[in-house]
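Heads up, the thing below is written out as C-alpha cells.
The values are calculated or read from the model by the stated rules, or taken from the named source; none is laboratory data. Since this is a predicted model, take the numbers as computed values, not measurements. Cβ sites come from the backbone with ideal geometry, for glycine too, and all protein chains shown count toward neighbours. Side chains are part of the model used for accessible areas, which takes the heavy atoms of the whole protein and leaves out ligands, DNA and RNA. Shrake-Rupley method; radii C 1.70, N 1.55, O 1.52, S 1.80 Å.
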There are 2 protein chains.
Amino acid sequence: MKKSENNVKKTEKLIEELGLKLEKQIEKNDNPFIEIPIRGSANVSFDEALQRIVLGDKKARRFLFNVSHARRFMQTLLVASYVKKDLLANDLTATIRDLYYAKKHTIPGTKEDTIDEQNESNLAIVDLEVALETFREMLHLRAEPKGRMAGKIIIEDRVRDKVDTIDLSKMGSGGWAIPSIVEQIEFKKSDVEFVLVAEKNAIFDRLNEDKYWEKNNCVLITTAGQAARGARRILQRLSEELKLPIYTLTDSDPYGWYIYSTMKYGSMALAHESERLGCPKMKFLGMSASDIEHYNLQKATIKAKEVDIKRALEIKNYSWFKQKRWQEEIDKFLEKKYKAELQALSSKNLQYISNTYIPEKIKNEDFLP
Amino acid sequence: MKKSENNVKKTEKLIEELGLKLEKQIEKNDNPFIEIPIRGSANVSFDEALQRIVLGDKKARRFLFNVSHARRFMQTLLVASYVKKDLLANDLTATIRDLYYAKKHTIPGTKEDTIDEQNESNLAIVDLEVALETFREMLHLRAEPKGRMAGKIIIEDRVRDKVDTIDLSKMGSGGWAIPSIVEQIEFKKSDVEFVLVAEKNAIFDRLNEDKYWEKNNCVLITTAGQAARGARRILQRLSEELKLPIYTLTDSDPYGWYIYSTMKYGSMALAHESERLGCPKMKFLGMSASDIEHYNLQKATIKAKEVDIKRALEIKNYSWFKQKRWQEEIDKFLEKKYKAELQALSSKNLQYISNTYIPEKIKNEDFLP
C-alpha cells in the first residue's frame, strides 16, 4: 500500500474513533465532550532534551451542553465531517479558506450562521489537529506553498493517482516549487552529502547559477523568507530519513536568526507541530555577527534600527538562544549595532559566496548551534 | 549560435556603442551626455492601437559637466561597466542588490561615495535600460522570482553551459518554479490549446489536483499575487510565440482586476517595459461582478471596504478600463458593494471551479476584454 493511502486510512480512523467516543457519551446520556490540549503560552515550553518547542500535557474538555463551548464544539465537528467526507473520502485536498466557504451556512430554522469569520473555522481546525494528535496535512488541508529546490536527488511526487518522478538536478534556472503538502513525496535516489538552505531567493539563484549544488553534492533549498510548512517538513524529512546534515544561510540580523530558529526548534504559535516541522539537527552556517568582522564586511553593513535592537533583546531571552555561542553573537550585534545581508559578500565579488565563503565555513565546520 | 549567446552579444554591443558615443564627445571637447527617455507620468499614455501603456518620445539629456547631472551620469556608467565587465563577460546574472554592493565605494582621495542608497543605483539601472532601449533581463539583472507552472509542454532552460529539458507535465504537486529571467527558455514541444493563469496559488493547487490542465490540454500558471517580471514575460512569450490564447482568473474585486490589467497592458511605473511584458491578447475569464449573481454566490461574498470602493473609482477612470463591458462590471461592483474570492465557488463544491465554472465560461466564451 502506498504511503499516502496509508495516511488517509490512518486519519479516517482517528476521526471515526472521535465520532464513536462521542456516540457512546450520547448513548450514556453523558454531556458529550472533546478533549483538547491547551495551546496558550502557559502550556508551551522549550524541551532541552528534545531540542524543540513543545506543548505541555494540560488539556481542556469542550462540552456540547455548555453555552460557552457549544458553538466551537459544533464547528470542530463540522471540520471533522468536511475532512472525512469531502476530502479524505475523495482523496482531495483543500485550503482552510475552501473549508470555511464550504461549511459556512445558516442553520435551518434559525438566523444563526455556523461560522461567521474564517478565524473561527481556523481555530476549529487546530482544535481537531491537536485533539486527534495529528497535523493539518494529514487532514488534507493545504497552506500557502513557498520555496524552491534543486539538487542531485530524484523524488517521486503523487497527485491522486498520477505519480511523477522528478529529477531535481534538471530544473533549469527555476527549480522545483515545493508544494504545501509533502507527505506523499518519496526520496528515490540521492547522491548528496548535505542540504543547504538559503532564506532568500536571490541566494538560491546565485548558488544555482554557480552550480554550487552540482560541484558540492548537495540539495539546495530556498524558503523565500520565513519558511512555509511544506519547506519545513521537507527539510525535516531530509534530515531524519536521509540523515543529511542541514546548513542554513540567513542575513546577519535578529530576524534572519529567528527564521533559522523556527526551522530548527519550531515556534510558540505552532508548538504542537514542532515534532514534525522542527529540524533539531540543523546548523547555522551564516551569516553571523562575527562573520562581518572576519570577512571584512563592515563597509557593506546596514545600521541597526530601534526595532532590530528590540528584536535582538527579545531573542536573547528565548531559551533556545541561550547557548553561549548565540549569546555572544547577539551581544556582538548589540555592541556593533549593525546588520549585514548575505549579498554584502557581493562587494568582494559576485561568486565569493559560492567559491569562498560557504566552502570555507563548511570545511572549518564554522557553524553556530 | 544559441539565443542567449546572441542576447549577450547584442547587449554588449549596445553598451559599447554608448561608450564610443561618449568617447567621441570627449575627443571633440563636447560636454558628454546620455540621452534618456523621460519616465514621468507626463510621458506615459495608453496606446489604443497597440493596446498597451507606453512611454512617449520625450527625452532628456544627462550631462557630465552639470552639477545636478554629474552624480547620476557617473552612476549610470558604473552600472554599464558592471553589466558589461562583471556580468555579460562572464555570462553571470546578479540582483540589483548585488550591483549596489559591488559598485558602492568611496571615491579615492574624497569622502564621496559612488552610491549612498540602493535607490540611486536602481534609478541608474532603469536609466541605462531605457537609454539603450533594452530591458533589465538583457542586462543580466534578476528580480525576485515568483510563480509556478505546469502543463503539457516541454521546455529547455539553460544555466550557463548546462541545458535542462523540463517536462512540465511531470512536476507533481509542486510545479516548476518560474525563474526571474526567462529569455533563455525555449519551448520545445507543446500539445496545448490555451494558457490558464490564476492569480492565486490556492487555485493552481486546486486545478492541478483536479488534473485540469491534463484533461483540457492547457498550460497552468499561477502568479501568486501581482505577477513578477518572469511570469509576465513567459506569458507574453506563450502568447506571441506559440500563439496561445491566455485566460486569466482573479478574485472579483478591483485589486484582482488591476492585477489582470497589469499583465495585459503593462503599468504606468514600467511603461517602458510594456512592449515585452504586456500581453494584449489576454482575456479575463473571471471572476467578474456579474459572475457573483450568475453563479448565485451572493452568500459567499465579502462586504467591500472603503478602500475597495476608492480603488474601483480609480480604475474606472483608467483609459484601459474604458470598454463598456468593464465599465458595467465596475458599476455593478459599486452598486452591490460586495466582492468575492475565487474560493467562494467552493461553497458549491470543491471541484466546481474545475468541473463547471471554468469549462462553462470557456465554452460560452464568456470573457471580458
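Numbers at a glance
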read-out	value
Sparse-neighbourhood loop sites, GluC sites (Glu not before Pro) in region A:235-294 - DSSP loop, at most 13 other Cβ within 10 angstrom	A:GLU241
Solvent-accessible area buried by pairing A with B, both sides, nearest 100 square angstrom, 1.4 angstrom probe	4400
Residue-span extension gain [A:ASN29 to A:THR110] - 0.36 nm each, minus C-alpha spacing	26.6 nm
Per-residue SASA entry for A:TYR338, accessible area with 1.4 Å probe, Å² rounded to 10	40
Global geometry of the protein assembly as shown, whether rounded, prolate or oblate, following the gyration tensor of its Cα atoms and the 1.5 cut on a/c	oblate
Spacing of the two label points (7 Å from each Cα toward its C-beta) at B:GLU17 and A:LYS85, in nm	6.9
Other copies of B:GLU275: label-to-label distances in nm, shortest first, labels 7 Å along the beta-carbon direction	6.1
Cα-centre dipole for region A:273-362 with unit charges at Cβ (Lys and Arg positive, Asp and Glu negative), debye to 20	80
Computed label-point distance, nm, for sites B:GLN226 and B:GLU293 using a 7 Å Cα→Cβ extension	3.2
Counting DSSP beta bridges with both ends in the protein assembly as shown, the antiparallel % (nearest 5)	70
DSSP-defined antiparallel bridges as percent of all bridges, chain B, nearest 5	70
DSSP beta bridge pairing in region A:104-245, given as percent antiparallel to the nearest 5	75
Overall form of region B:148-363 per C-alpha gyration tensor (a/c, 1.5; a/b vs b/c)	oblate
Shape call, chain B: gyration tensor on alpha carbons, a/c limit 1.5	prolate
Paired Rg and Dmax values of region B:157-211, which use every Cα atom, in angstrom	12.9, 37
Averaged over B:195-205, number of beta-carbon atoms from partner chains that fall within 10 Å	3
Estimated FRET transfer efficiency when R0 is 56 angstrom, pair A:ASP331-B:LYS170 (beta carbons, to 0.05)	0.65
Spatially near lysine pairs across region B:3-142, Cα under 19 Å, sequence gap of 8 or more or different chains	20
List B:PHE65, B:PHE187, ordered by accessible area with a 1.4 Å probe, largest first	B:PHE65, B:PHE187
Inter-copy spacing of A:VAL307 label points, which lie 7 Å from Cα along Cα→Cβ, given in nm from shortest upward	1.6
Student exercise, the protein assembly as shown dipole from Lys, Arg, Asp, Glu Cβ charges, in Debye to nearest 20	280
Cβ nearest the rotation axis (B onto A), residue from chain B and distance to the nearest whole Å	B:ALA177, 2
Chain A: most fluctuating residue of A:GLN51, A:GLN327, A:GLN75 per GNM, C-alpha cutoff 10 Å	A:GLN327
Charged-residue dipole, Cβ positions (Lys, Arg, Asp, Glu), chain B about Cα centre, Debye nearest 20	220
Surface/4 estimate of mean projected area, convex hull on alpha-carbon atoms of region A:322-369, nm²	4.0
Å² of accessible area per residue within region B:1-126, as computed with a 1.4 Å probe and no ligands counted	57
Copy-to-copy label separations for A:PHE187, where each label sits 7 Å from Cα toward Cβ, in nm and ascending	3.8
Rounded percent of accessible protein surface that carbon and sulfur make up, region A:3-142, 1.4 Å probe	52
Using alpha-carbon coordinates, inclination of helix B:70-81 to the longest axis of chain B, degrees	70
Point-to-point label distance, B:LYS322-B:GLU133, nm (Cα→Cβ direction, 7 Å offset)	2.7
Among A:ILE36, A:THR250, B:ILE330 the positive-end extreme of the charge dipole of the protein assembly as shown (Cβ point charges)	B:ILE330
Listed residues B:ILE36, B:ILE309, B:ILE26, most fluctuating in chain B (Gaussian network, C-alpha, under 10 Å)	B:ILE26
Of all accessible heavy-atom area on region B:148-363, the percent that carbon and sulfur account for (1.4 Å)	49
Max mean-square fluctuation residue, GNM over chain A, Cα-Cα springs under 10 Å, options A:ASP161, A:ASP331, A:ASP127	A:ASP161
Sites B:GLU360 and B:LYS188 - FRET efficiency at Förster radius 35 Å, r taken between beta-carbons, to 0.05	0.60
